[in-house]
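Colleague: Handing you a structure now.
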Amino acid sequence: MGLTNRSFVELTIVAAVCGLACTVWLWPRVASQRVASIAVRLGLIAASQALAVIALLAAVNGYFMFYGSWSALLGGGTAQSAATAGTAASPRPITITATDLGPVPGSGSVLPESANGKLAAKPPHYYAKHHTVAKHAVVGGPSLKGGLSRAARSAGELLQVTISGEHTGITSGRNFVYLPPQYFQPAYARARFPVVLALTGYPNEAWSLVKFLALPATAAGLVADGKIRPAVYVMMNSSVALPRDTECTDIPAGLQVESFFAQDVPLALERTFRVQPSGSGWAVLGYSAGGYCAAKLAMMYPYQFSAAVSMSGYYNTITGSGTGSLYGGSSGYRNENNLYWRLRRLPAPPVSILATSTRGEGAYPGTLAFLRLIHPPMRGYSMVLAQGGHNYGTWHRELPPGLEWLSRRLAPARPHVAPGRAAALGRPADRSLAAGGMGGYQMAAPVARSKR
Amino acid sequence: MGLTSRGLVAVLAVGAAGLLAGVLWLWPKLAGRGIRMILARIAALAVLELTVLGLIFAVVNRSADFYSSWSDLFGADTGSGAIIAGQYSASQAIAPVAVTGSSAVRLPGRGKARAGTLQTVRIHGQLSGLTMPGYIYLPAGYSAARRAARPLPVVAVISDQAGRRAAPDSARRLSATAAVQMAAGRLGPMIVVMLPSRSGQDQGCLNVPGGAQAATFFAQDLPHAIGSVYRAASPFTRRWALLGDSSGGYCALQLALTSSGTFAAAALPPGTYSAPPGSGEFGGSPQLRRQDNLAWLLRHRPMQPISVLLFARGRAQPLLSLARPPMYATSLGPAAGPWPLAAALDWIGTRLSRSGLAKG
């Protein structure tokens, strides 16, 4: 039975109620004031209390999706490992495991709704079983004659994907890609979209980015209001080997998680979707552990990610039992993963970072210290809320200004507009990519990476 | 009382202890029959259990600061924050490539026709902070202004010689070889960058843990610097190749294995490549030392989509036997010699034009 299954959570609640009922029922039998009776009472109370705690944990985990499965909680999962050593990685870097997940902007709900309403509010696993995909409609571009629902053109598409890293051999499942409605519109049929890579905290499931952070719904709303420009959102679990806490690190002689996000994921996206290759076309965003990942990836790979948003992130990893050894016992390599050390000892990278925190958060002083160390050509931006904690409510409030900030730093997808209509749109149709770009690369070139 | 205060934890802890003692002590009084007694038991147990759950929540919330206040917990906090931009003085950008000298490359023999340009440069890595002296050969007909033309592939030659006194000679010899091959039509136009393999202590183009970041220089800074100054292929097109001599061979293979997103091909002398040349800097970490062994990488990591050329068949050739698709390894044959420039450049040209053709 799945860890986050509703029936499992209900089972634990029933067990807790039964524990309480048993105690009430057995109560008179241990009512004497002998030591043995008192010991049995204590045992009964402890047992029913333990069942209540388990029910609470199961319910909280089921709701917030800290651990999505038993293997994520206890280990022993086979799906996410570097088992491909010495062999060729999967020829298809991205496998779409479910589609048609919504969300319909303006529905007032952060929950995804399917285009036809039938599959609304079902957990993501449901779609994988019950809904098969017209993959060509998503990957090859819009085939406007048929096969593509009108909903995709007006609401976009949310896909559940498994990403296989060619370079690192890491495979990460149950991640999500949101394609904006413009992706399917004729004017954008040849446009390459900027990409925002969004990373969860630890432990977590990528679905949290859809459900609690409401990233696709928020982005769709802001695009509809004209506040941000359309982008592709790749929503991923920052942990690729749960229950291990890998902190987006290339572990010496171990999992190469940093390279997976910095090299494999961009490559996989570029081979599958019409997205921009790098630099001003890519940004990374994350909360909590994902915030650390976002800041680190941007600082280590500024030619790949030109901007990062770290929401309630920290800037130096504390290794512990959850992480195991991340640095191979090298203090020098540990320092390289400490972003304060990097800012003090290495040249500042050419990236912009928005660091958010709240005055009530433990990470607030550390965030200020990080921002103080930033120096050109790196640029630091801060957003500090007066109230709020380390939770989705806070991050959800920080998201709209954060996305607007990101949108100003991303090279936009350029729609094909008939010459006479450019003025009617009220803004230049063909803003030069180089204006926001970092290098001299010709990013509008057709497929920029080889397929061999 | 604040949600994250010590007072709340103390009150709940004292309350839970008191309730537990009370329930244990008053147990016999609630042991009677009748619905009221049963309801009283349920109430006593439920209050105790909820107090303990509340205590657990308060302790966990305090340590992880999930919710900072009661209003935060009940979702009453609204409003967002303003984004404040940091104030910075204008930064002095260092030119990624400083050209300190330039000379014409001429074909040998009659006429001495001009066949490209050899520049003496210093390449500055913005990210690594390393500056490397080097040479850049630009083929005949190259012009940075011709933006419309297709960007040229690049081969990075990493050689111990490039850092030595004999460097100008070897750079001239190398660019002359490239010019001859191109003039004969055996090699398409490409940019050749010549760099030393040594940066400080490291000789393997590796990041010294907590020290000089040579891997960052070669894998990230170099393609970016060349791409921002010359009409060179973007690293993401995989139209970059590496060529290494006796000490640069480790660099070439190491970079191809770890940055296959940029480098599609590497040509190097045969060898075991079980450790970087020189002393090697692995920060006291046996794991870092292990992954510095390139044969270990080949055995324990996925095969990279690269082509590797060995200059000759050596005694032990682990590379040839370990490579499996999508990695391809081949050798030039015994007569090739230790530094068969022309043949290696021809092979690289074929590999790069193939990867170029494949992507249409």
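Colleague: If the requirement is being farther than 23 Å from B:Ser69 by Cβ and touching a Lys or Arg at 6+ places or on another chain (Cβ under 9 Å), which of these qualifies: A:Ala386, A:Ala369, A:Ala307?
Modeller: Values: A:Ala386 fails: farther than 23 Å from B:Ser69 by Cβ; A:Ala369 fails: touching a Lys or Arg at 6+ places or on another chain (Cβ under 9 Å).
Within the list A:Ala386, A:Ala369, A:Ala307, the selection yields A:Ala307.
Colleague: Further question: Output yes when any residue across segment A:152-175 is at positive phi and touching a Lys or Arg at 6+ places or on another chain (Cβ under 8 Å), and no when none is. Spell out how you get there, then give the answer.
Modeller: Taking segment A:152-175 first, the residues at positive phi are A:156, A:169, A:174.
Still in the list and also touching a Lys or Arg at 6+ places or on another chain (Cβ under 8 Å): A:169.
Yes, some residue in segment A:152-175 is at positive phi and touching a Lys or Arg at 6+ places or on another chain (Cβ under 8 Å).
Colleague: Based on what the data block shows, is A:Tyr315 of a type in the set (Ser, Thr, Tyr), in a helix (DSSP H, G or I) and touching a residue at least 24 places away in the same chain (Cβ under 8 Å)?
Modeller: It is false that A:Tyr315 is of a type in the set (Ser, Thr, Tyr), in a helix (DSSP H, G or I) and touching a residue at least 24 places away in the same chain (Cβ under 8 Å).
Colleague: Let me ask something else about it. Determine which member of the set A:Val265, A:Val309 is in a helix (DSSP H, G or I), of a type in the set (A, V, I, L, M), within 14 Å of chain B (Cβ to nearest Cβ) and crowded, with 23+ Cβ neighbours inside 10 Å.
Modeller: Numbers: A:Val309 fails: in a helix (DSSP H, G or I).
One residue alone meets the criteria, A:Val265.
Colleague: Could you check segment A:1-77 for helices (runs of 4 or more DSSP H) lying wholly inside it with 2 or more residues that are in contact (Cβ under 8 Å) with a residue 24 or more places away in the chain, within 11 Å of chain B (Cβ to nearest Cβ) and among the hydrophobic types (A, V, I, L, M, F, W, C)?
Modeller: Numbers: elements: A:6-26, A:35-64, A:70-74.
Of the helices (runs of 4 or more DSSP H) lying wholly inside segment A:1-77, those with at least 2 residues that are in contact (Cβ under 8 Å) with a residue 24 or more places away in the chain, within 11 Å of chain B (Cβ to nearest Cβ) and among the hydrophobic types (A, V, I, L, M, F, W, C) span A:6-26, A:35-64.
Colleague: Follow-up. For the condition over 27 Å from A:Pro401 (Cα atoms) and touching a Leu at 6+ places or on another chain (Cβ under 7 Å), what is the one hit in A:Pro302, A:Pro252?
Modeller: Details: A:Pro302 fails: over 27 Å from A:Pro401 (Cα atoms).
Within the list A:Pro302, A:Pro252, the selection yields A:Pro252.
Colleague: Also: Is it the case that A:Tyr333 is in contact with a strand residue (DSSP E or B) (Cβ under 9 Å, 6 or more places away or on another chain), facing chain B (nearest Cβ under 10 Å), buried (at least 21 other Cβ atoms within 10 Å of the Cβ) and assigned to a helix (DSSP H, G or I)? Talk me through it step by step, then tell me what you get.
Modeller: Working: in contact with a strand residue (DSSP E or B) (Cβ under 9 Å, 6 or more places away or on another chain): yes; facing chain B (nearest Cβ under 10 Å): yes; buried (at least 21 other Cβ atoms within 10 Å of the Cβ): yes; assigned to a helix (DSSP H, G or I): yes.
Spelling it out, A:Tyr333 is indeed in contact with a strand residue (DSSP E or B) (Cβ under 9 Å, 6 or more places away or on another chain), facing chain B (nearest Cβ under 10 Å), buried (at least 21 other Cβ atoms within 10 Å of the Cβ) and assigned to a helix (DSSP H, G or I).
Colleague: Just to verify a result, which residue in segment B:20-39, among those that are in a helix (DSSP H, G or I) and more than 10 Å from every other protein chain (Cβ to nearest Cβ), is nearest to the chain's Cα centre (by Cα)?
Modeller: Narrowing segment B:20-39 to residues in a helix (DSSP H, G or I): B:20-30, B:35-39.
Among the residues that remain, those that are also more than 10 Å from every other protein chain (Cβ to nearest Cβ) are: B:21-22, B:26, B:35-36.
Working: B:Ala21: 61, B:Gly22: 63, B:Leu26: 68, B:Ile35: 71, B:Arg36: 71 Å.
Looking at residues that are in a helix (DSSP H, G or I) and more than 10 Å from every other protein chain (Cβ to nearest Cβ), I get B:Ala21.
Colleague: Criterion first (among the hydroxyl-bearing types (Ser, Thr, Tyr), surrounded by fewer than 23 Cβ atoms within 10 Å (Cβ to Cβ) and more than 18 Å from the chain's Cα centre (by Cα)) does B:Ser307 satisfy it?
Modeller: Judged against the criteria, B:Ser307 is not a match.
Colleague: Residue by residue through segment B:318-337, note down the ones that are surrounded by fewer than 17 Cβ atoms within 10 Å (Cβ to Cβ) and at negative phi.
Modeller: Going through segment B:318-337, the residues surrounded by fewer than 17 Cβ atoms within 10 Å (Cβ to Cβ) turn out to be B:320-322, B:324-325, B:328, B:330, B:333-335, B:337.
Once the filter is applied, which keeps residues that are surrounded by fewer than 17 Cβ atoms within 10 Å (Cβ to Cβ) and at negative phi, segment B:318-337 yields B:Leu320, B:Ser321, B:Leu322, B:Arg324, B:Pro325, B:Tyr328, B:Thr330, B:Pro334, B:Ala335.
Colleague: OK, next. Among the listed residues B:Ala295, B:Ala266, which satisfies the condition of being surrounded by fewer than 22 Cβ atoms within 10 Å (Cβ to Cβ) and within 25 Å of B:Pro340 (Cβ to Cβ)? Can you show your working first?
Modeller: On the way: B:Ala266 fails: surrounded by fewer than 22 Cβ atoms within 10 Å (Cβ to Cβ).
Exactly one residue qualifies, and that residue is B:Ala295.
Colleague: In the set B:Leu242, B:Leu253, which member is more than 14 Å from chain A (Cβ to nearest Cβ), crowded, with 20+ Cβ neighbours inside 10 Å, in a strand (DSSP E or B) and touching a residue at least 40 places away in the same chain (Cβ under 8 Å)?
Modeller: Details: B:Leu253 fails: in a strand (DSSP E or B).
Only one candidate qualifies: B:Leu242.
Colleague: I'd like the full set of residues that are in a loop (DSSP other than H, G, I, E, B) and either at the interface with another protein chain (Cβ under 7 Å from one of its Cβ atoms) or of a type in the set (S, T, N, Q) (or both), limited to segment B:283-323.
Modeller: Within segment B:283-323, the first condition is being in a loop (DSSP other than H, G, I, E, B), and the residues that meet it are B:283-285, B:293, B:301-306, B:311-317, B:323.
Listed by number, the residues that qualify are B:Gly283, B:Gly284, B:Ser285, B:Asn293, B:Arg301, B:Pro302, B:Met303, B:Gln304, B:Pro305, B:Gln317.
Colleague: Another one. Applying the selection to segment A:365-386, what residues are buried (at least 19 other Cβ atoms within 10 Å of the Cβ) and more than 7 Å from chain B (Cβ to nearest Cβ)?
Modeller: Correct list: A:Thr367, A:Phe370, A:Met378.
Colleague: Name the single residue, out of those in segment B:80-98 being within 7 Å of another protein chain (Cβ to nearest Cβ) and touching a strand residue (DSSP E or B) at 6+ places or on another chain (Cβ under 6 Å), that is surrounded by the most Cβ atoms within 10 Å (Cβ to Cβ).
Modeller: If we take residues in segment B:80-98 being within 7 Å of another protein chain (Cβ to nearest Cβ) and touching a strand residue (DSSP E or B) at 6+ places or on another chain (Cβ under 6 Å), then B:Gly81 is surrounded by the most Cβ atoms within 10 Å (Cβ to Cβ).
Colleague: Let me ask something else. Which residue, of B:Pro209, B:Pro189, is over 30 Å from B:Gly141 (Cα atoms) and part of a loop (DSSP other than H, G, I, E, B)?
Modeller: Numbers: B:Pro189 fails: over 30 Å from B:Gly141 (Cα atoms).
Of B:Pro209, B:Pro189, the one residue that is over 30 Å from B:Gly141 (Cα atoms) and part of a loop (DSSP other than H, G, I, E, B) is B:Pro209.
Colleague: Check whether at least one residue in segment A:292-299 is closer than 21 Å to A:Ile353 by Cβ, modelled with pLDDT under 95 and touching a helix residue (DSSP H, G or I) at 6+ places or on another chain (Cβ under 8 Å), and report yes or no. Show your work before the answer.
Modeller: Our first condition is that a residue be closer than 21 Å to A:Ile353 by Cβ; within segment A:292-299, this holds for A:292-299.
Retained after the next criterion (residues that are modelled with pLDDT under 95): none.
The answer is no, given that none of the residues of segment A:292-299 is closer than 21 Å to A:Ile353 by Cβ, modelled with pLDDT under 95 and touching a helix residue (DSSP H, G or I) at 6+ places or on another chain (Cβ under 8 Å).
Colleague: Taking only segment A:342-364 into account, find how many residues are surrounded by fewer than 17 Cβ atoms within 10 Å (Cβ to Cβ) and part of a loop (DSSP other than H, G, I, E, B).
Modeller: Count: 1.
Colleague: Quickly run through segment A:349-372 and pick out the residues that are in contact (Cβ under 8 Å) with a residue 12 or more places away in the chain and over 20 Å from A:Ala289 (Cα atoms).
Modeller: Answer for segment A:349-372, where residues must be in contact (Cβ under 8 Å) with a residue 12 or more places away in the chain and over 20 Å from A:Ala289 (Cα atoms): A:Pro349, A:Pro350.
The values are calculated or read from the model by the stated rules, or taken from the named source; none is laboratory data. Only a predicted model underlies this, so the values are computations on that prediction, with no experimental measurement involved. Please note: Cβ atoms are built from the backbone with ideal geometry, for glycine as well, and neighbour counts cover all protein chains shown.
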